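Notes follow the structure.
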Amino acid sequence: MSTLLAAGGSNLTAARYQMALSLGWHIVVACLGVGFPIVILVAEGLGLRRGDRVHRALARRWSKAAAVLFAVGAVSGTILSFEMGILWPGLMGRYGSVFGLPFALEGFAFFIEAIFMGIYLYGWDRLTPFRHLLTGVPVIVAGVSSAFFVVCANAWMNDPAGFRVVDGNVVDPDPIAAMFNPATPVQAGHMILAAIMVTGYLVAAVHAVGMLRGNRGPVQRSAFLIPFALAAIFTPAQIVVGDAAARYVAERQPVKLAAMEAQLHTEVGPGEHVGGVVVDGQLRGAVVIPHGLSLLISGRPDTRVDGLDSVPADRRPPVNVVHLAFDLMVGIGTALLVLGAWLGLSWGRRRDLPRSRWFLRAAVLAGPAAVAALEAGWVTTEVGRQPWIVYEVLRTADAVNTAPGLAVGLVVLIVVYAVLTFATVSVLRRLGPIAGGT
Amino acid sequence: MAQVVLVFLWSGLTAYVLFGGADFGAGFWDLLAGGARTGARQRARIEHSIGPVWEANHVWLIFALVVMWTAFPTAFAAVMATLAIPLTAAAFGIILRGSAFVFRKSVSEISLQQIFGAAFALSSVLTPFFLGTVVGAVASGRVPERLGAGDVLHSWVNPSSLLGGVLAVGVCSYLAAVYLCADSRRAGEDDLAEGFRRRALLMGVLVGLVALGGIAVLHGDAPRLFGRLTGPALPLIFASGALGLASLALLAVRRYVAVRVTAALAVVAVLWGWAVGQYPLLLGTHLSIDAAAAPEPVLRPLVAVLAGGTVLLLPSLALLYGIFQSDSTEDARV
Ligand code: HDD
Ligand code: HEM
Ligand code: HEM
């Protein structure tokens, strides 16, 4: 029995890391899959409206990178579908039918996305410019929808709805109620905005590097401005939605909130903890804003907030990871807001980018920073849900595959993804400085 | 309701074999196309033919997976848990195939193209093989319903699975060769068409022989399936044989468009023969479809989604194939 448990334990760890790695990888390319078509279509549309070849050429150059990213997005997503079953048969066997509907919808979204992506990418010389532009529209709609659908499924894991458990059996499944659970609106909205931000800042970062190297031609400028402006416009909205998400979590997943805020003990009118690490049951090194948390949640200084100690130890997530990840996300979100405002000010005054090289340097950093915020957000959500795979219904440990050898799969996966990352980056670099020269 | 979902599921699986399978098969011929110089035109043809469509074709697999886990969750979990090894291998194969294919197209150095090309071609063969072993495992009833009860090794290392794997590779490459004949001719590359015709003839004969021999394998290894294949499914098996012979004849007289239809139908007949062979059981020898199916409140919205999605999907697919099957003389370029 004990050896069995030991094997199960290492399986659990292996399965978690495998899931985290493949999700964390997929989400970056998936964001580009949602956002890049938007950026490209804006450029193509500008070109069409102004009748200039420059923007069209830019869109076409970008679409080569999109082709590569789309393919690796598709294959890395496929492996996730396999993993849902291979790693978590206990989840899928029991609840697959309850939260399967959004995945089925997502399947059709993938079809539409892949079909029109094929037409768009290979249709530059076969369709009239206007028709070509039109074929990009379904790609965007399908991309945004697929993000929505898959997040519905994830939201259900955080806030399970649409079924009852009677004597250990799942009864009365209602897939529609499951799909539109209370976590869906905030999570889906936050995710779709994140996809646009990540794409915008990443693509802009590539061109900011080009500008810092002295290439300041009009194409490079457009190639920087289009994605950057798009991302900057959506940043304030993202912060508003993120704030709503935090209030939603406070209401429905109080233990996760306690971990996010490193709120160890239940307290009336608690302060907001910024940074800090929990060592030996004490939060050390945090900056405390008096009554901050209470104010954020309810607007009043004297709200009672549950701490981690409101549940027994075996129902608490690891606090440090969640707390620091959350603070990282919020910190980056705020910094990106400031950066966007900098551009906004300068644009308002002189219709131009800020003159300072520091602006471009910061813009280069904004790309990886947005990715970091994205990953940190997911760590907050997913690790903050632990030890549950379905919040307060099914433990992660009870869902994992007990077949031996998951650890081997993890090692192979690490190697494969290291190679894949290296190859993807080198191939993208070889596509050359996009719209360089001019 | 469960039967309706099953028809959608099986149609999706069929489409995956006919379209996605052929894309893998094209990779098989890419592997055997010869050195960088001699094989260059063949590889270019293959690249043009599958470039715009393979990602859409690939989605059929995702479709089958998600429908299965929604409608038949226990069976899905059992299959994935027991067959974790070949499925993981297939998943890695899928990663390698897709990314290597698009990487090869995006780089200009010959040496890099060769590395990515080799990865693309090799994974195109291994992926259908492993998926075929999974089919063999399910069909021969080696996946128990209870989680953790399956034999993670012998469930897929056995005669039926080996047969499934070899047949899958054979069928994929046969279909690919058949499809590529017409593509090459339309592009005015009659010499390439001749080459693919020879390969299609050879593969057709080989697959036929393996299938015949396979019946003997199933007799010993999967008696229930054997009994049903030679019983209620027999008309479909005969139809498949007849269509297979007709395809060889059409290839012989170079009727490349007609042979696409007969060759595809021959494969369809085998797949649906397998379905009839298992009916009304889901895991080969046990777990009835009705017992495995999700309850009605789950199936009803699922069927609505499947029906609505199909209405959206079919015209889109028609548009895609219409655009890229009309003239392939003009270079399809990203
Ligand atoms: C560009 C990326 C990005 C940025 C700048 C922010 N977030 Fe975020 N956040 C995400 C990207 C993200 C995400 C897409 O990674 C998550 C993970 C799960 C989800 O729904 O969105 C997330 C989750 C997430 C959650 C957990 C939701 C849950 O578990 O249900 C909260 C409370 C916040 N965010 C709050 C914020 C706040 C207050 C921000 C303001 C500064 C913020 N986020 C900026
Ligand atoms: C793509 C962005 C996502 C990222 C970066 C992400 C990240 C993670 C991480 C870090 C874990 C490990 C948590 C732990 O064990 O401590 C995890 C677990 C998991 N996630 Fe996500 N997640 C993402 C989206 C999703 C979505 C959309 C779904 C489902 C529809 C999902 C399903 C799961 C499952 C099944 C597990 C394993 C069980 C568990 O650990 O709770 N994830 N994810
Ligand atoms: C929040 C997390 C996720 C988002 C926003 C997301 C979004 C996307 C998008 C936009 C694509 C299209 C491919 C591309 O453009 O690169 C994609 C591909 C894919 N994703 Fe995800 N995804 C997420 C998580 C997941 C999870 C958890 C799974 C599986 C359980 C999954 C399965 C897939 C599959 C199978 C594909 C390939 C579809 C194809 O062949 O075109 N994704 N994803």
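The figures follow:
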| read-out | value |
| --- | --- |
| Segment B:262-310: equivalent-ellipsoid semi-axes (sqrt of 5 x gyration tensor eigenvalues, Cα, Å) | 25, 20, 5 |
| B:Leu265, A:Leu87 arranged by Cβ crowding within 10 Å, fewest neighbours leading | B:Leu265, A:Leu87 |
| Exposure proxy ranking, count of Cβ atoms within 10 Å, fewest first, for B:Tyr321, A:Tyr95, B:Tyr174 | B:Tyr321, A:Tyr95, B:Tyr174 |
| Size-normalised alpha-carbon gyration radius of chain A, reference 2.2 N^0.38 Å | 1.04 |
| Kirkwood hydrodynamic radius of segment B:119-225, from inverse mean 1/r over distinct Cα pairs, in Å | 15.3 |
| Over chain B: Rg over Rh, Cα atoms, Kirkwood Rh | 0.97 |
| Test item: Cα-centred dipole of segment A:303-406, Lys/Arg +1 and Asp/Glu -1 on Cβ, debye | 820 |
| Sum of side-chain charges, A:Val150 neighbourhood, beta-carbon under 13 Å (Lys, Arg +1; Asp, Glu -1) | -2 |
| Helical segments meeting 18 Å axial Cα length and Kyte-Doolittle 0.5 threshold in chain A (DSSP H) | A:2-50, A:53-87, A:101-122, A:129-158, A:184-212, A:218-252, A:319-350, A:357-385, A:406-430 |
| In nm, spacing of pseudo-spin labels at B:Ala44 and A:Thr13 (7 Å Cα→C-beta vector) | 5.4 |
| Crossing angle, helix B:296-326 versus chain B [Cα axis fit, 0-90 degrees, rounded to tens] | 10 |
| Global form of segment A:74-140, assessed from the alpha-carbon gyration tensor, a/c cut-off 1.5 | prolate |
| Square roots of 5 times each gyration tensor eigenvalue, C-alpha, the protein assembly as shown, largest first, Å | 45, 36, 21 |
| Shielding of B:94-101 by partner chains, average beta-carbon count, 10 Å | 6 |
| Degrees, to the nearest 10: B:256-278 long Cα axis against longest axis of chain B | 20 |
| Computed P(r) (all Cα pairs; segment B:218-282; 10 Å bins; percent) | 24, 41, 23, 11, 0 |
| Kirkwood estimate for segment A:218-272, i.e. one over the average of 1/r between Cα atoms, Å | 14.0 |
| Value of Rg/Rh across segment A:250-357 [Cα atoms, Kirkwood radius] | 1.15 |
| In degrees, nearest ten, helix B:40-50 long axis to first principal axis of chain B (Cα) | 50 |
| Segment B:1-72: trypsin sites (Lys or Arg not before Pro) falling in loop per DSSP and having at most 14 other Cβ within 10 Å | B:Arg37 |
| Modelled FRET efficiency - R0 25 Å, A:Arg213 with A:Ile233, Cβ distances, 0.05 increments | 0.40 |
| Point-to-point label distance, A:Thr266-B:Leu32, nm (Cα→Cβ direction, 7 Å offset) | 7.2 |
| Highest-MSF residue in chain B out of B:Ser155, B:Ser49, B:Ser288 [GNM, Cα springs under 10 Å] | B:Ser288 |
| Two-site label geometry, B:Val4 and A:Phe359: point separation in nm, points 7 Å out along Cα→Cβ | 5.9 |
| Residues B:Ile237, A:Ile86, sorted so that the one with the fewest Cβ neighbours within 10 Å comes first | B:Ile237, A:Ile86 |
| Cα Rg, Dmax, segment A:280-438, angstrom units | 22.2, 65 |
| Sparse-neighbourhood loop sites, chymotrypsin sites (Phe, Trp or Tyr not before Pro) in segment A:294-369 - DSSP loop, at most 10 other Cβ within 10 angstrom | none |
| Dipole magnitude of segment B:127-276 about its Cα centre (Cβ charges: Lys, Arg +1; Asp, Glu -1), debye to nearest 20 | 260 |
| Equivalent ellipsoid dimensions for segment A:61-185 as semi-axes, Å, which come from the Cα gyration tensor, largest first | 36, 15, 10 |
| Estimated FRET transfer efficiency (A:Ile176, B:Asp191; beta-carbon r; R0 45 Å; 0.05) | 0.20 |
| Listed residues B:Pro315, B:Leu287, B:Leu248: farthest to the positive end of the dipole of chain B (Cβ charges) | B:Leu248 |
| Dmax and Rg, reported as Rg then Dmax, of segment B:16-120 (C-alpha, Å) | 16.0, 51 |
| Rounded Å value of the spacing that divides the Cα centres of segment B:276-292 and segment A:367-438 | 36 |
| Per-pair calculated FRET efficiency, R0 = 35 Å: A:Asp314 and B:Tyr279 via Cβ, rounded to 0.05 | 0.15 |
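Quick note: the coordinates plus some simple rules give every number you see, no bench work behind them. If you're wondering where the values come from, they're calculated on a predicted model, not measured in any experiment. Reconstructed Cβ throughout: ideal geometry from the backbone, glycine too, with neighbour counts over all protein chains shown.
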